[in-house]
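Trainee: Take this structure, written in structure tokens, and hold onto it; I'll ask about it next.
The values are calculated or read from the model by the stated rules, or taken from the named source; none is laboratory data. Computed from a predicted model, the values in this text were never measured in an experiment. Neighbour counts are summed over all protein chains in view; Cβ atoms, including those assigned to glycine, are modelled from backbone coordinates with ideal geometry.
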Amino acid sequence: MAVCIAVIAKENYPLYIRSVPTQNELKFHYTVHTSLDVVEEKISAVGKSLGDQRELYLGLLYPTEDYKVYGYVTNSKVKFVIVVDSSNTSLRDNEIRSMFRKLHNSFTDVMCNPFHNPGDQIQSKAFDGIVSGMMVQTG
Amino acid sequence: MAQCVQSVQEFVQDSFVPMVAVLCSEEAERVTRKNNLNFAELLRPFCRLTSEGHMRDPNNQVQVVKNLRIFVNNVVTSPNRPPTALSHAQSKILNEVVLSCQPQEGVVNNVVTAGDYDLNFSATTPWFETYRENFLQSMPASDHEFLNHYLACLLVVSSTEAVPVEQFLKLSQEQHRIQHSGEYTNPKWFIPNTLKYYVLLHDMSEGDEQRADAVYEDMKQRYGSQGCYLLKMNTRSFSAEGDEQIPDPWSQYLQRNILHTQVRTAIGDLNGVSGSLESHPLQLDITSSSGSLHTLGAVKTELKKGARDPESLAGGAGSHGACLTLNDHDHIRQFIQEFTFRGLLPHIEKNIRQLNDQSRFTKSLITSIDRILSGSFSENMVYPPEAPELQIRKMADLCFLVQHYELAYSCYHTAKKDFLSDQAMLYAAGALEMAAVSAFLQAGAPRPYPAHYMDTAIQTYRDVCKNMVLAERCVLLNAEILKSQGKYSDAATLLIKMTSEDSDLRSALLLEQAAHCFINMRNPMVRKFAFHMILAGHRFSKAGQRRHALRCYCQAMQVYKERSWSLAEDHINFTIGRQSFTLRQPEKAVIAFRQILTNDSRQTATQQSAFLREYLYVYKVTTSAQKIHLPQLPLPCIHCSATRVYFGHERRLAEGEKQAATHVSLDQEYDQDSADMWCHLEEQLVAAANRGIVPVNFQPTQCCLNSQTDNQRHPLAVVEEPIIVEVTFRNPLKVSLALSNLSLLWRFTADDAPPSKEKMTNELAITNEEILALGVGVTVYSGFFVLCCHINIHSVDLLLPTGQQTFDVMVVHGKQDLMIQGPRLNQTKEDKMTVRHGHDQRLNFIVTSPMPLMEIFFLQFPTALLCGEIRKAYVEFCNVSSVALCGLRVVSTHPDFFSFGSQATTPLTPVSPTSAENNSAYKTLATPPQSGSAAFEMLVSAEDFSQPSGVIDIPIDGSTLQPGESTQLPLWLRGPDQEGVHEINFLFYYESTGKGNKISHRVLRHTVFICASRSLSVQASACRSCVPPHHSLGDKGGGGTLIFIDVENINMSEAGMREFHIVQVSSSSQHWRLHKCINPAKDKDCKLTSRERAKLCFRATRCKPQKGTPYRINKPYLSIISSSTPCGDFFFRGCQTSESQRLDAPSSRTSCSSKSQSCVSTEDRSSDITNIVRKCNELDLNIIVIWKAYVVEDNKQLILEGQLHVALQTIGKEASSLTPREEAQEMVLLKFKSQLPPPVILPSAELSQLVKTSLHYPETYTHPFVQDSLCVVPVTLTLSNCSLAQVDVIIDLRHKGTSPETLEVHSSFTWVGQTQYKLQLKPQEVLCLTLQACFLQAGVYNLNTPRVFAKPAEQGAMCETSQQTASPSLIFINNA
């Protein structure tokens, strides 16, 4: 399961970042931030050829020594980033995909909340719950 | 990778140059020492050849050698094998090289714009280039390659030697010994028979030149002219120094030289004591990341020492080559050229040829045999020096050194194949590396650059051979080449891969280069750049390169700054702060730490407190070191725009039972509506003071300035009056801060006397996220000056969170500026396009001359009243200033609520609240009423009571209030007519007696809340009495009207039983007067308990038009002068307001009734008629009901008094004291079809009121029918014209009954005589007609049969109306 899940706004500032509490949060912030370069590269590469009908799932953005970073971009250019432990080899592409889909659905629900101000940090219990479900459960 | 000064080709070429060793005799050494240089150093600046050389390759093709550089070095011998990694001493040298190479201040950085990022950083990284150059030069020579093996040896002997030739021999033997004895593994030699070049050094200042020439001749004989050289130098003597400035070409090589010699010597030294390297004292402890200042200091001093030592050795900077003239320089240059072209290149050419032949011969034979013989090879296999594979490699290296890259490549390629098949990995990697490099350097580029060769080589070096030095070299070369080809991504990957734990410095530099690669990509990867910069910064700091670390973090900061990646931002800021502090840049540190604290951080409380402590420490050090007076503090945050400024003293709210005017206080929230209301009131006051005209420059007085008020003008402050400034602080941290010793700092431009300032001290604690407002006062003394208030928090004491065990308190002093920005302008187009702010002069006061200051107190001021209740209170005006005041006025939102009494009717008696306690608010008539029936009448003009506008002048003695004086006035209050809570605002106005002040007037506000509860409801109606006024025939008008007054107790209060007594009913009218009460229950005192209702009945008669006659009637025992204060006051006030309401009302009504009106107006006369009729029905009578209420409150009986007003407008219409609820306007259907004008409906009902008729006849009439069968009774018909117009009246006595019953009845009697009259009645005329009725028999008859038609004169007949009243007039006819 994931060790860090982040939602990044269109303007590339974080809307939501949650990481496994046992590890250094700062590290994940850096990792997620750096991954945005790759996300942008991928969007611009795909955007030219396929236009709007691009795949939202961007796949593996880049592997680091300890983690694998996966990306997903909604049509409104909101980015989802999931960081997975490299040692976790059981996780397949399909599962990552379904995680992103679940995340996207929950994010859509958050955006549908009339009391949510778009562009604000996400503070939703339901979203929190979904994210917690995807995170690594540590004691 | 960053941009480099050198081109790639230059860099790669320079990385591999022919090496030349130097062996010097002692005497020669002495000669060169004169210049503070050894021989190798002496030659170094001239080692690049400017002219082209030529040589022939094995195929006899001429090869051009351009821009060749040779490297000359002293022979340093060591017996050890070269290490696979750099020694610690070497890495220390590299560390210092990097440390000493810092970006210059003020160098123009280039700006890279990527997306929405603008990055500012230097594109070049000279420290990296220096590192690279030094690294490559300090590469230890190894067995698997020959590139940095010595190709030749210079044997240098001085001409002063006794027998120079002998010396040459000695040196030659020495060289031979070093190379061939096997004692030393270092230095390594390229070829067994190394080129020996004999140099005779001649010192021009010392030796005998002829002798030197002779020796040289001898040498030529011995070694051939191409193997020796006579170098003449030191033309200049020491004494001549300073005469001419000679360029010092050594200086740029000096540093490197020193370091190199150090490296060499260090290697030499340390190799002797091998094994103890790890604990060598010179090794700096650079791994500590905590960054104590000591470490830094150590590094610095170490560096300085290192830099100074060789200098002192050399005798000070700038003194190199002191004995050399420019001619000497040329000699040296010539010598190098001669040596290279005549000695070195032919030597290389010869060797290449030899090796070529040899390899061609052996390749086919020996290699295969060898391979078969030796069988298996280990990975670390070592070839013997004579191995044919190595010969190929040697040849390749030679070709490479002389720039014959094509041949070099093919040789390397061959060698590579051989090595690979032998599984000699190190050799193979070396061959691969050089093959790739030579392929790259091939001019025509017949083949693409084999990047995979490099990859393989690197991998092999690193993973198989564990030789990081070689791997690093390979990476540096490859990265540079990739960069030149634009393959930044590959280069970055390569560089990042090379980072490892073993060397922080290398990792840092490579990471930085990787970061530069990311930013130089076609689509710049800004975030990767930033991230790798941070990583580089981290490694730099681990390597002790704080300055570089700081630079890296600062560059990365540009990407993270203000992008709401706050966690990362905080981390960077914190690191920057720390590094800056340790680098003695506390200002930078303070700024960085401040960033952490001012940003809304998401850090935990403990983290924040750590940040805070760190910041406070740095801050304290900075301030104490720099002696800055009160630097800026970032905490707590001040909401500048929320600053409020209050002019004046803090108000006492109550003093004993005195209740001070509320005025304005800081507790009040600003409210635009109320501000407008006050402004409107003030306008009224100013207008009243200026004879009804508001001055053009009128500005409402503002006592309290905040963000919403208009702050464009400088506020006026009065001398000797305090100004209270309220500053709002916010603590953004999760840690509490304690503030103490707060004071305002201010600045002013004074005209004369110096001001003094007052401090206010407040001890406060701001806890988490709490917003705290704090009043700090400043009092200003002396004359006119503009006070530019610069308010600063003088000192802020900060306490650490209380949760901690160690409760160490760190106190810092600082200030915060109050910079208030005005509201955003939005007037012109420019304003709208850009963000512009207006001025806010809230804190820039102009202090003016003294002004009067008044305080107002209220005594016995109620908070709850019954509707209409009259209460007397007292108001006290105090002049608390030293200036007299006058022109006291007041205006209120509810002018009918209060009255000061009118001067005309109230004798000014000294009143004190205590003596008048039991008195009723009303004044009673001193003399008892004359008689119960007689009505008391008084003429009062309304002007006495009311004032033209709402502004009321306050009648104080002498109309001025001297300083310190106070005066008390009675104030009558009347409860509002409507129940509920009423907010009543008073605005008092006063001005200085002196003229020409900047402030024309001052105002004082007061707001009260009155809770009005229901008392009585009075409903009155009037109707015309049918009865002719026979009781008062004297009244000519005969317009008797009955007034019915319904009084109901509608008080809902259950608590104190309230019993209302109607004390008096007065009337006020211009035309009417109330006559006596004609109540059915005459004697009864009119008493009303809860929900009871009483009916009072009065007769009113018309009187001559008089002005204003309040009229008193009823209740013999107590008679109240209703015409005087307060009764009259409130009555007339009430009239005014109700009139103004009435004036308002029609305007709203016309809209809906306009249609019908327009229809009516089609015929003029009908409107005339209505007018007449309305006039006729107009009453305009005001009734004042004065009551008393008995209330039990707290076991005490209280008597409350009050009055209610009813205005009767028309006869027959009911009027109430309670203002009716506003009826919702009915929705009118929108009609598009034009409406047919409705038939003119004559207001018959109203017209029937034109003429009043009454029949007068004897009630019973006895007639002897026996004697006379006809009984004639005289009947008088009185007609009175009620209207003010002439009325035509037609009286028809004929029976016209249509119904059978009337016929039946009426047939019994007839009118005799004239049966039809046509009359004209003058206005208000009463006419009596004598009629005669004839009866035939006894009985009861209804005489009311005459039909009277009336119409206003000169009107059409159509509007005749029956004036008949329905009531029967019965007559009894008795038979006698």
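Trainee: Within the bounds of the range B:581-599, is there any residue that is part of a loop (DSSP other than H, G, I, E, B), in contact with a helix residue (DSSP H, G or I) (Cβ under 8 Å, 6 or more places away or on another chain), within 14 Å of chain A (Cβ to nearest Cβ) and over 30 Å from residue A:44 (Cβ atoms)?
Mentor: Within the range B:581-599, one or more residues are part of a loop (DSSP other than H, G, I, E, B), in contact with a helix residue (DSSP H, G or I) (Cβ under 8 Å, 6 or more places away or on another chain), within 14 Å of chain A (Cβ to nearest Cβ) and over 30 Å from residue A:44 (Cβ atoms).
Trainee: For the range A:1-16: of the residues being under 24 Å from residue B:524 (Cβ atoms), surrounded by fewer than 22 Cβ atoms within 10 Å (Cβ to Cβ) and in contact with a strand residue (DSSP E or B) (Cβ under 9 Å, 6 or more places away or on another chain), which is modelled with the lowest pLDDT?
Mentor: Top of the filtered list is A:12.
One line per residue, one yes/no per condition, for (1) of a type in the set (Gly, Ala, Ser); (2) touching a His at 6+ places or on another chain (Cβ under 7 Å); (3) surrounded by fewer than 15 Cβ atoms within 10 Å (Cβ to Cβ):
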{"position": "B:815", "(1), (2), (3)": "no, yes, no"}
{"position": "B:824", "(1), (2), (3)": "no, yes, yes"}
{"position": "B:828", "(1), (2), (3)": "no, no, yes"}
{"position": "B:831", "(1), (2), (3)": "no, no, yes"}
{"position": "B:852", "(1), (2), (3)": "no, no, no"}
{"position": "B:863", "(1), (2), (3)": "no, no, yes"}
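One line per residue, one yes/no per condition, for (1) in contact (Cβ under 8 Å) with a residue 24 or more places away in the chain; (2) farther than 28 Å from residue B:1060 by Cα; (3) in contact with a Ser or Thr (Cβ under 7 Å, 6 or more places away or on another chain):
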| residue | (1), (2), (3) |
| --- | --- |
| B:849 | yes, yes, no |
| B:858 | yes, yes, no |
| B:861 | yes, no, no |
| B:874 | yes, no, no |
| B:884 | yes, yes, yes |
| B:888 | yes, yes, no |
| B:894 | yes, no, no |
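Trainee: Would you check which residues across the range B:20-36 are crowded, with 20+ Cβ neighbours inside 10 Å and closer than 21 Å to residue B:249 by Cβ and list them?
Mentor: B:20, B:22, B:24, B:28, B:31, B:32, B:35, B:36
Trainee: Looking only at residues in the range B:557-574 that are of a type in the set (A, V, I, L, M, F, W, C) and closer than 25 Å to residue B:609 by Cα, which one is farthest from the other protein chains (Cβ to nearest Cβ)?
Mentor: Filtering first and then ranking leaves B:557.
Trainee: State all residues of the range A:68-119 that are charged (D, E, K, R) and in contact (Cβ under 8 Å) with a residue 60 or more places away in the chain; if no residue qualifies, say none.
Mentor: Across the range A:68-119, the qualifying residues are A:77, A:79, A:85.
Trainee: Search the range B:171-188 for residues that are among the small types (Gly, Ala, Ser) and pair each with any residue that is not in a loop (DSSP other than H, G, I, E, B) when their beta-carbon atoms are under 9 Å apart and the residues are at least 6 apart or on different chains.
Mentor: B:172/B:23; B:172/B:153; B:172/B:155; B:172/B:196; B:172/B:198
Trainee: Next up: Can you name every residue in the range B:381-399 that is within 12 Å of residue B:356 (Cα to Cα), at pLDDT 80 or above and not hydrophobic (A, V, I, L, M, F, W, C)?
Mentor: B:391, B:393, B:394
Trainee: Would you check if residue B:536 is buried (at least 24 other Cβ atoms within 10 Å of the Cβ), touching a Cys at 6+ places or on another chain (Cβ under 7 Å) and under 17 Å from residue B:127 (Cα atoms)?
Mentor: For residue B:536, the condition - buried (at least 24 other Cβ atoms within 10 Å of the Cβ), touching a Cys at 6+ places or on another chain (Cβ under 7 Å) and under 17 Å from residue B:127 (Cα atoms) - is met.
Trainee: Restricting to the range B:563-585, what's the tally of residues that are surrounded by fewer than 21 Cβ atoms within 10 Å (Cβ to Cβ) and more than 28 Å from residue A:16 (Cβ to Cβ)?
Mentor: Residues meeting the conditions: 3.
Trainee: Would you mind telling me which numbered condition in (1) within 12 Å of another protein chain (Cβ to nearest Cβ); (2) buried (at least 23 other Cβ atoms within 10 Å of the Cβ); (3) at pLDDT 85 or above; (4) under 28 Å from residue B:596 (Cβ atoms) residue B:552 fails?
Mentor: (1)
Trainee: Counting only residues that are within 30 Å of residue B:1014 (Cβ to Cβ) and out of contact with any Asp or Glu (no Cβ under 9 Å at 6 or more places or on another chain), how many does the range B:867-893 have?
Mentor: Selection size over the range B:867-893: 5.
Trainee: Suppose we keep only residues that are modelled with pLDDT of 80 or more and closer than 17 Å to residue B:398 by Cβ within the range B:31-58. Which one would you say is nearest to the chain's Cα centre (by Cα)?
Mentor: Only one residue tops the list, namely B:53.
Trainee: Let me ask you something else. Quick one: which of A:42, A:102 is of a type in the set (D, E, K, R) and either crowded, with 17+ Cβ neighbours inside 10 Å or within 14 Å of chain B (Cβ to nearest Cβ) (or both)?
Mentor: Selected residue: A:42, the only one of A:42, A:102 that is of a type in the set (D, E, K, R) and either crowded, with 17+ Cβ neighbours inside 10 Å or within 14 Å of chain B (Cβ to nearest Cβ) (or both).
Trainee: Filter the range B:149-199 down to residues that are more than 18 Å from residue B:212 (Cα to Cα), of a type in the set (S, T, N, Q), buried (at least 16 other Cβ atoms within 10 Å of the Cβ) and at pLDDT 80 or above, then give me how many there are.
Mentor: 4
Trainee: Hey, can you tell me all the residues within the range B:1-30 that are more than 60 Å from the chain's Cα centre (by Cα) and of a type in the set (Phe, Trp, Tyr)?
Mentor: Result: B:16, single match.
Trainee: Continuing with this model, one more query. Give me a count of the residues in the range A:10-37 that are free of Cβ contacts under 8 Å to residues at least 24 places away in the same chain and more than 9 Å from every other protein chain (Cβ to nearest Cβ).
Mentor: 3
Trainee: Only strands (runs of 3 or more DSSP E) wholly contained in the range B:1220-1299 count here; list those with 2 or more residues that are modelled with pLDDT of 75 or more, surrounded by 13 or more Cβ atoms within 10 Å (Cβ to Cβ) and touching a His at 6+ places or on another chain (Cβ under 6 Å).
Mentor: B:1271-1281
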